[in-house]
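Below is one structure, written out as structure tokens; the observations come after it.
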Amino acid sequence: MMKTITLSREQVYHGNLLLVNAQYPYKDDSKKVYISLDNSLTEVFLNREAANALQLLFQKILSGDAIVPVSGYRTLEEQTNIYNTSLKDNGEEFTQKYVALPNHSEHQTGLAIDLGLNRPDIDFIRPDFPYDGICEKFRRAAPDYGFIQRYTKDKENITGISHEPWHFRYVGCPHSRIIGERGFSLEEYAEFIKNYRQDRPLICSSFSESAVEIFYVPVSGQETLLTIPKDAVYQISGNNVDGFIVTVWRNTNGQKLFGN
């Protein structure tokens, strides 16, 4: 039995897979619940799903107090203040490299987190998060918990942001694994997934008990219709540009997984 889901154009701007950068501003102004993170030196908030995943990741690598959240969710006002302060203190060249324009920052989504080694003096803009020790342990485990390192050195010409070893973005599994395994930036993944539609989805079988179908649905007018099996386990995220990324879980014998 099938059901039809009606997706409004506005829903393009909601979800875990939003592409927010200099070209595509953050447009979701709906009220959300953000969770205060443990171990942060000041109060740092994150999207509820991302916060839960981050805490599980910390527990997995036994990080203790070695890694601290430095910056998470920011309001438009906070991002504006950070940008203007950096312009004043660090100059335009530095700010363009490391601080996104207001409404163009991933931090406004509540899905981005800056992390740093727990040291007496932590640079708020560029916290120390090296490629060794507990930080590298976090970095290697991150895709299994839905996180990617968002701004790598080899993708600077694509992301428009300088290399940021400390900045991680929650996109959820299995998207984080695909991005990591293929060496994509989020910009590249957003384009890559457009090659897969509902009749020919991308099959990700890296889970032991289930596989996942992923496909792209372009926005169609004010309302886009999507037909899927009734009670299927699925997630839909807008891409913040022109469509939706649909994720459907199924068991290993090829059947869709169903909820209660």
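The values are calculated or read from the model by the stated rules, or taken from the named source; none is laboratory data. Quick caveat, the model's predicted, so the values are computed rather than measured. Glycine gets a Cβ as well: all are built from the backbone with ideal geometry, and neighbour counts include every protein chain shown. The protein model used for the area step is the full one, side chains on, heavy atoms only, and it has no ligands, DNA or RNA in it. Shrake-Rupley method; radii C 1.70, N 1.55, O 1.52, S 1.80 Å.
Scanning segment 47-65 for residues that are touching a residue at least 24 places away in the same chain (Cβ under 8 Å), within 12 Å of Phe138 (Cα to Cα) and open to solvent by 40 Å² or more (accessible area, probe 1.4 Å) yields Leu56, Lys60.
Within segment 82-133, if we keep just the residues that are on the phi > 0 side of the Ramachandran plot and in a loop (DSSP other than H, G, I, E, B), the residue that is surrounded by the most Cβ atoms within 10 Å (Cβ to Cβ) turns out to be Gly110.
The residue that is nearest to Gln235 (Cα to Cα), counting only those in segment 37-46 that are open to solvent by less than 90 Å² (accessible area, probe 1.4 Å) and touching a Ser or Thr at 6+ places or on another chain (Cβ under 7 Å), is Phe45.
Of the residues making up segment 194-202, none is within 25 Å of Lys155 (Cα to Cα), crowded, with 19+ Cβ neighbours inside 10 Å and either in contact with a Lys or Arg (Cβ under 9 Å, 6 or more places away or on another chain) or in contact (Cβ under 8 Å) with a residue 12 or more places away in the chain (or both). Checked across segment 28-36, the condition of being closer than 21 Å to Pro174 by Cβ and open to solvent by less than 70 Å² (accessible area, probe 1.4 Å) holds for no residue. Count of segment 143-157 residues, restricted to those that are in contact with a Ser or Thr (Cβ under 7 Å, 6 or more places away or on another chain) and open to solvent by less than 60 Å² (accessible area, probe 1.4 Å), is 6.
Kindly check whether there is at least one residue in segment 146-161 that is modelled with pLDDT under 95, part of a strand (DSSP E or B), among the aliphatic types (A, V, I, L, M) and under 20 Å from the mean Cα position of the chain (by Cα). No, segment 146-161 has no match at all.
The condition (being free of Cβ contacts under 8 Å to residues at least 40 places away in the same chain and within 21 Å of His163 (Cβ to Cβ)) is satisfied by just one residue among Val99, Val33: Val99. Taking the criterion of being open to solvent by 10 Å² or more (accessible area, probe 1.4 Å) and in contact with a Gly (Cβ under 6 Å, 6 or more places away or on another chain), the residues of segment 167-181 that qualify are Tyr170, Cys173. Would you confirm whether any residue within segment 58-73 is of a type in the set (Ser, Thr, Tyr), more than 14 Å from Ile125 (Cα to Cα) and modelled with pLDDT under 95? Checked against the condition, which is being of a type in the set (Ser, Thr, Tyr), more than 14 Å from Ile125 (Cα to Cα) and modelled with pLDDT under 95, segment 58-73 yields no hits at all. Pro143 fulfils the conditions (1) under 30 Å from Lys31 (Cα atoms); (2) part of a helix (DSSP H, G or I); (3) out of contact with any helix residue (DSSP H, G or I) (no Cβ under 7 Å at 6 or more places or on another chain); (4) not aliphatic (A, V, I, L, M) except for a single criterion, (3). Entry remark, segment 91-123: residues being of a type in the set (Ser, Thr, Tyr) and modelled with pLDDT of 95 or more number 2 in total.
Looking only at residues in segment 173-221 that are acidic (Asp, Glu) and part of a loop (DSSP other than H, G, I, E, B), the one that is modelled with the highest pLDDT is Asp199.
Among residues of segment 222-260 being polar (S, T, N, Q) and at pLDDT 90 or above, the one that is nearest to Glu191 (Cα to Cα) is Asn239.
Checked against the criterion of being touching a Leu at 6+ places or on another chain (Cβ under 8 Å), farther than 18 Å from Asn47 by Cβ and not hydrophobic (A, V, I, L, M, F, W, C), segment 163-179 has no qualifying residue. Hey, Glu136 hits all of (1) open to solvent by 50 Å² or more (accessible area, probe 1.4 Å); (2) farther than 30 Å from Ile203 by Cβ; (3) charged (D, E, K, R) but one; which does it fall short on? Unmet condition: (1). If the requirement is being more than 30 Å from Ile193 (Cα to Cα) and touching a Cys at 6+ places or on another chain (Cβ under 8 Å), which of these qualifies: Leu62, Leu117, Leu87, Leu41? Going through Leu62, Leu117, Leu87, Leu41 in turn, just one is more than 30 Å from Ile193 (Cα to Cα) and touching a Cys at 6+ places or on another chain (Cβ under 8 Å): Leu117.
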